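Only one structure is covered here, and it is reproduced in the block below.
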């Protein structure tokens, strides 16, 4: 049994704190202090009941270009749970950044939805260990996020319109830095593979020591045929560019499936979706987008390496190929649009690559 499953039965040093719109600082005894009309975030629905009765449940007027700080915590400590929700369709608009120990650059810099395995439309239901997304759009993260001196979590609206309601709660514990603690990183990357080199970088270069903890991918097809024949590869420490230490047998195999996710090839070639504790394929989206008409097929997949982290000493790189089939039974290079989020832990904070503008976050 894993340590995190038995730790609930052990007492440990520390105190729990939680920041939300009702207690923005998370300070002791500071929740539910807002009165109706105190600021722009207070809801008129509380006007009859007054202070202490759900006066400030969310952040409102999240206008384009505006940044909210959800957490500003002094260390040492560790974030244990993040819950958030917004209405569907804006998950790629919101930029999530996490800064550790006063660093000027974030170690997590991703679109909000992708951090919660919801990069397509915010409607995927995810039933995994570190990430749960429940009806409708209740996004939960249980990725442990230790920090030594401090942790700041920001969200920015990079979209073109206001987001009227942003609900959140960030729970952390004040506790000592422990031997072996590491910093959670989340790096986002999007590319369109080429026929000459149909390969996407999941993680370009992570400095060690550390371990790789998980992958989330949104795979948008340029054709309607099978797309998941390519291998996932990990290049550990001094591996040469063409000699990975870990080389899988296919994309669907890496995400825990097989044979194209199809249950009955003779009768129905549609893939079956699933969501499991450490791996899943919660979304296969085809057909018509209600706003923009016909859309190409898109797939959302995750693989969490909690039981089997990929450990490295000096550096780590990871990639996935985009391959299908020619009619003659040979592999076909694909020109597909792949957006990935790589989760990994490092001994010290490392700056994330950053996000492109909105025009660079959506399939072309």
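The values are calculated or read from the model by the stated rules, or taken from the named source; none is laboratory data. Since this is a predicted model, take the numbers as computed values, not measurements. Every residue, glycine as well, gets a Cβ built from its backbone with ideal geometry; the counts of neighbours run over all protein chains shown.
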Which residue, of 180, 122, 113, is more than 18 Å from the chain's Cα centre (by Cα) and not in a strand (DSSP E or B)? 180
Count, please, the residues in the range 34-53 that happen to be surrounded by 14 or more Cβ atoms within 10 Å (Cβ to Cβ) and part of a loop (DSSP other than H, G, I, E, B). 5
Residues in the range 280-299 that are touching a strand residue (DSSP E or B) at 6+ places or on another chain (Cβ under 9 Å) and either at pLDDT 95 or above or under 16 Å from residue 124 (Cα atoms) (or both) total 10
Screening 327, 353 for residues that are in contact (Cβ under 8 Å) with a residue 24 or more places away in the chain and part of a loop (DSSP other than H, G, I, E, B) leaves only 353
Among 165, 173, the single one that is part of a strand (DSSP E or B), in contact (Cβ under 8 Å) with a residue 12 or more places away in the chain, in contact with a strand residue (DSSP E or B) (Cβ under 8 Å, 6 or more places away or on another chain) and within 27 Å of residue 65 (Cβ to Cβ) is 165
For the list (1) out of contact with any helix residue (DSSP H, G or I) (no Cβ under 6 Å at 6 or more places or on another chain); (2) crowded, with 17+ Cβ neighbours inside 10 Å, I need the number of the one condition that residue 72 fails. (2)
Output the residue which, of all residues in the range 185-198 that are under 24 Å from the mean Cα position of the chain (by Cα) and surrounded by fewer than 18 Cβ atoms within 10 Å (Cβ to Cβ), is farthest from residue 79 (Cα to Cα). 192
Only one residue in 147, 115 is surrounded by 24 or more Cβ atoms within 10 Å (Cβ to Cβ) and farther than 25 Å from residue 273 by Cβ. Which one? 147
Could you please give the count of residues in the range 87-100 that are closer than 11 Å to residue 123 by Cα and at pLDDT 95 or above? 0
If I go through the range 17-33 residue by residue, how many of them are within 20 Å of residue 155 (Cβ to Cβ) and surrounded by 14 or more Cβ atoms within 10 Å (Cβ to Cβ)? 9
Of the criteria (1) in a loop (DSSP other than H, G, I, E, B); (2) touching a strand residue (DSSP E or B) at 6+ places or on another chain (Cβ under 6 Å); (3) modelled with pLDDT of 95 or more, which one residue 277 fails: (2)
Report, by residue number, each residue of the range 63-85 that is modelled with pLDDT under 95 and under 21 Å from the mean Cα position of the chain (by Cα). none
Of the conditions (1) in a loop (DSSP other than H, G, I, E, B); (2) modelled with pLDDT under 95; (3) closer than 20 Å to residue 120 by Cα, the single one that residue 335 does not satisfy is (2)
Before we move on, is residue 318 under 26 Å from residue 144 (Cβ atoms), surrounded by 13 or more Cβ atoms within 10 Å (Cβ to Cβ) and either at pLDDT 95 or above or more than 18 Å from the chain's Cα centre (by Cα) (or both)? yes
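A quick yes/no check of all residues on (1) modelled with pLDDT of 95 or more; (2) surrounded by fewer than 18 Cβ atoms within 10 Å (Cβ to Cβ); (3) within 22 Å of the chain's Cα centre (by Cα); (4) closer than 23 Å to residue 270 by Cβ:
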| site | (1), (2), (3), (4) |
| --- | --- |
| 204 | yes, yes, yes, no |
| 220 | yes, no, yes, yes |
| 233 | yes, no, yes, no |
| 237 | yes, yes, no, no |
| 258 | yes, yes, no, yes |
Just one of the numbered conditions (1) in contact with a strand residue (DSSP E or B) (Cβ under 7 Å, 6 or more places away or on another chain); (2) under 19 Å from residue 250 (Cβ atoms); (3) outside any strand (DSSP E or B) is not true of residue 223; which one? (1)
